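Derivation of every value follows stated rules applied to the coordinates shown; laboratory data play no part. Being a predicted model, the structure only gives us computed values, none of them experimental. Note: ideal-geometry Cβ built from the backbone for every residue, glycine included; neighbour counts use all protein chains shown.
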């Protein structure tokens, strides 16, 4: 295999170390949508397992959302190339989500059903870690989604414990930029599978992505500055009424 890019290798190692994502004996389920990010994550975790001083098991899982395409077959072909054990499950989540409230909140329903099923599969297969292929831009976009549509300051985090610690979500690619993920995709010879959802090109995330692309075109440094700001929050300079501050005191 070609040489792993040193800078990407460093950033993945730093994310794994900073958030202590993997420990010896872990069983890790990898959520695979079929896009470049999740397929790169499969290959990356397999690559790291060969050189890591710890042993962990991997299981790749793809949920076909039921949009009537050849998605499952194409993702299966890519998973076979990753040389990981995998599970592909067909669902009707996508069609059910499009019918919910006439499709107005289809993305919410689809994402909720998919995530709940992934949680259930993790329990069934005794996997206490669930890995997602989210990268730096995904975290930035989520911050702006929550800011503009949810009215709060939050984002996805590289490590998140759920259900009292019974399940931990990890995002080993969190420090990588999108172009670095694509570089790894070329290195691994990955052919990504497009999202068959009819709403994919008209989602709130796509709107945020277009907004951010315009900012990055104006000044490429904005991306790095925004990402750095997510870990450098000056809470004393955020709005909080004095009455609420007094209530927080012991």
**Prompt:** If segment 33-87 were replaced by its equivalent ellipsoid, with semi-axes equal to the square roots of 5 times the Cα gyration tensor eigenvalues, what would those be, largest first, whole Å?
**Reply:** 24, 10, 9
**Request:** Arrange 119, 222, 132, 188 by Cβ neighbour counts within 10 Å, fewest through most, would you?
**Result:** 222, 119, 188, 132
**Message:** Shape verdict for segment 189-250, please, from the Cα gyration tensor: rounded (a/c under 1.5), prolate (a/b greater than b/c) or oblate.
**Reply:** prolate
**Message:** Along the Cα→Cβ direction, 7 angstrom out, place labels at residue 89 and residue 24. What is the inter-label distance in nm?
**Reply:** 3.2
**Span per principal axis, largest first, for the Cα atoms of segment 99-242 (Å)** = 46, 45, 36
**Item:** Mean shadow area of segment 108-155, taken as a quarter of the surface of its Cα convex hull (nm²)
**Value:** 4.1
**Asked** By DSSP, what percent of the beta bridges with both residues in the chain are antiparallel, rounded to the nearest 5?
**Response** 20
**Fill in**
When all Cα-Cα pair distances of the chain are considered, the percent exceeding 27 Å is 41
**Prompt:** Tell me, how many Å apart are the Cα centres for segment 1-32 and for segment 76-95?
**Reply:** 21
**Complete:** Listed with the fewest Cβ neighbours within 10 Å leading, 82, 154, 38, 33 appear as 154, 33, 82, 38
**Prompt:** Of 51, 80, 178, which is the most mobile in a GNM of the chain whose springs link Cα atoms less than 10 angstrom apart?
**Reply:** 51
**Asked** What is the spin-label model distance, in nm, from residue 199 to residue 96 if the labels are put 7 Å beyond Cα along the C-beta direction?
**Response** 1.5
**Message:** Using a Förster radius of 22 Å, what is the FRET efficiency between residue 81 and residue 178 based on their Cβ-Cβ separation? Nearest 0.05, please.
**Reply:** 0.50
**Message:** Just want the ordering: 138, 213, from fewest to most Cβ atoms lying within 10 Å of their own Cβ.
**Reply:** 213, 138
**Prompt:** For the chain, what does -39500 (n - 2.57) per DSSP helix run (n ≥ 4), summed and divided by total residues, give at 222 nm, in deg cm²/dmol to the nearest 500?
**Reply:** -14500 deg cm²/dmol
